[in-house]
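All remarks here apply to the structure that follows.
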Amino acid sequence: MPIIKSIAEAREIYRLANGELPIDFAELDIDIPGEDDDGECVITKNWRYCIDVATTDAGRYNVPDENYYVISYYPPSEYAGEAVAGRFTCNPRAVSAAGAFPEKVCRSLGSEKFGSEYIVR
């Protein structure tokens, strides 16, 4: 998660300096080697890192189908008082039944369930 944390920190620095959230990686002072997907995402060998204006949608396993997981960071400045504030979560996005690969990955990363997500330890 070092890259995810770096994205979250760069996003917060941008917000403090500009008074608004970034919508494109080019606005951040961070370089992630990979293919620029659409300005909002950078694709590396195994991950897709995205900027989300609601959270820092920090990455997802880059697979060709809809079975993937999302690891997000919830900045304390926007989620003060909520259980996820300042924490990472893992959200299994599997179209198959419970217990699929994404669900297993998220369960292994977190023990505390928060809605459909797991709070990462």
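Taken together, the values in this text are just the output of simple stated rules run on the coordinates, not laboratory data. As the structure is a prediction and not an experimental result, all values here were calculated from the model.
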Query raised in the report: Roughly speaking, what is the stretch gain from residue 85 to residue 17, that is 0.36 nm per residue apart minus the C-alpha to C-alpha distance, in nm to one decimal?
Result: 22.4 nm
Query - Extension gain (nm, one decimal) between residue 108 and residue 9, 0.36 nm per residue minus Cα-Cα - result: 33.2 nm
Report summary line: Listed by chain and number, the residues whose amide H is under 5 Å from that of residue 47, excluding neighbours fewer than 5 places away on the same chain and using placed H, are 62
Query - Extension reserve of the residue 100-residue 29 stretch, reckoned as 0.36 nm per residue once the Cα distance is removed - result: 21.9 nm
